[in-house]
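The values are calculated or read from the model by the stated rules, or taken from the named source; none is laboratory data. Bear in mind that the values here come from a model prediction, so they are computed numbers and not experimental data. Glycine also receives a Cβ, built like all others from the backbone with ideal geometry; neighbour counts cover every protein chain displayed.
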Amino acid sequence: MKIRMLTLLLATLIAQSAGAQPDGMLHPNGRTLFPIGFYELPKDDVALREMAKAGVNLIVCHSREELDRLHAAGMMGVISLPLQNGPTGALREEVESMKDHPALAAWEGPDEIVWNFTAASMLYRVQHVHSQSGEWWKQTPDALRYAREQASRVIPAMREAVALIRDAGSAHPAWINEALQSDAVYVRQYMDFGDVTGCDIYPVKKNDRRIERMASAVERWKAVGQGKPVWMVLQAFSWNELGDYYGETETAYPSFDESRFMAYDVIAHGAGGVLYWGSQYTKSELFRQSLYALTSELNAIQPFLIEPDQPGLIVRSIEIVEDGPAPRGVLGCLKKSGDDWLLILVNEDNHWRMGVEAASPHGLDGRTFYELYGEDEETATFTNGALTTRMPPYGVKVFCTSRDYETSERSGREFNP
């Protein structure tokens with residue numbers, strides 16, 4: 001027992017001292033990029049190049065050959081590894097074969113690992129564990145016992161597997177994606193050797209389109225991760241495309257405006273990367289093009305996305321407050337790159353905001369900001385330390401001191417199924 005405890009302690013120290021990039025950004029050839037990723041690796045190189053042209057820079061993949069394809073397209077890859085199996089010989093061979101590849105950005109651990117031994121409905125449907133009535137959420141003895149048993153095996157195995165990666169000389173970050181409500185207690189048991197955290201969230205269904213859930217999702221995972229970078233995995237599919245298991249029969253893709261809201265909302269809340277899952281199931285080419293229009297837009301503001309938020313921004317609504325539940329209101333973040341400034345404003349509820357003030361202490365008086373992609377070509381100037389605008393329900397406005405940060409790739413922005 002003492003030998004095993006010493007082994008786990010050594011593994012932790014190795015993982016913590018490995019020098020993995022702490023910022024969650026990509027670092028190809030000395031550059032820095034905000035991760036804009038997909039889980040789909042197209043079989044066709046023409047389709048892959050189309051992805052790269054749209055600003056996608058990160059793909060989840062599984063082999064050195066796939067990394068070669070990404071490198072040729074000017075992209076980077078995340079290699080998915082079965083860390084839950086521990087430091088096996090097969091894992092060492094896999095790491096050794098890819099650790100020096102110029103397209104390797106990160107290692108991915110088992111997807112939703114904590115969710116899958118605590119609350120996943122599949123525990124009952126496939127593994128016949130727990131019950132259909134949601135034992136995990138009731139914290140029944142059987143559910144707690146099963147989770148403890150699994151965690152006592154899985155988490156030490158993951159720790160030793162990451163130690164093997166570090167011992168092999170790889171400082172590439174270890175990223176573990178979880179479900180939105182994965183248990184914080186067990187996740188934190190592996191965060192000392194995990195470098196990037198985050199969750200997947202796919203809110204758009206035919207009769208339920210609660211895109212405002214992005215805010216609480218990012219904030220939860222920032223809290224769970226205790227300062228670790230957060231990558232958010234967003235929706236690139238319609239639920240009915242996944243089969244009968246999920247009970248959705250009607251097609252419901254996010255509109256371009258909904259996808260844009262979700263991306264900018266997680267960024268404004270501090271997400272350090274945005275990835276998309278499910279595009280391999282997507283049957284709509286128009287929806288795919290809408291996602292590429294969005295990734296192209298995000299790529300055009302890369303110089304700002306890699307920079308920290310400028311402190312001191314205060315965003316408030318100038319309007320009468322009605323009785324009733326307090327609305328979410330407008331969130332903003334301000335970024336600087338060189339001599340240019342970028343202001344992102346996101347209205348997180350379904351109310352029109354006829355007066356929104358963004359105040360900054362950074363001496364911006366007299367600077368004119370242009371709304372990127374705005375239909376009416378809105379401009380706003382900082383006066384007395386503040387910029388004033390209006391915001392539609394669930395609206396996004398991106399203001400910049402230069403229009404040079406707009407993309408010319410506009411096809412798909414009109415998508416509204």
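Here is a check on your reading of the model: is L331 touching a helix residue (DSSP H, G or I) at 6+ places or on another chain (Cβ under 9 Å), surrounded by fewer than 18 Cβ atoms within 10 Å (Cβ to Cβ), of a type in the set (A, V, I, L, M) and not assigned by TED's automatic domain parsing to the domain that holds A252? Spelling it out, L331 is indeed touching a helix residue (DSSP H, G or I) at 6+ places or on another chain (Cβ under 9 Å), surrounded by fewer than 18 Cβ atoms within 10 Å (Cβ to Cβ), of a type in the set (A, V, I, L, M) and not assigned by TED's automatic domain parsing to the domain that holds A252. For segment 263-286, the set of residues classified as closer than 29 Å to S121 by Cα and in contact (Cβ under 8 Å) with a residue 60 or more places away in the chain consists of D265, A271, G273, V274, L275, Y276, W277, G278, S279, Q280, S284, listed by residue number.
Can you give me the number of residues within segment 241-256 that are of a type outside the set (G, A, S) and over 23 Å from the mean Cα position of the chain (by Cα)?
Qualifying residue count for the region: 6.
A count restricted to segment 193-229 and to residues that are assigned to a strand (DSSP E or B) and crowded, with 16+ Cβ neighbours inside 10 Å stands at 6.
In segment 57-81, of all residues being part of a helix (DSSP H, G or I) and aliphatic (A, V, I, L, M), the one that is nearest to A174 (Cα to Cα) corresponds to L67. The set of residues in segment 305-328 being exposed (fewer than 12 other Cβ atoms within 10 Å of the Cβ), at pLDDT below 95 and either in contact with a Lys or Arg (Cβ under 6 Å, 6 or more places away or on another chain) or small (G, A, S) (or both) consists of G324, A326. With respect to (1) crowded, with 16+ Cβ neighbours inside 10 Å; (2) outside any helix (DSSP H, G or I), the lone exception for Q84 is condition (2).
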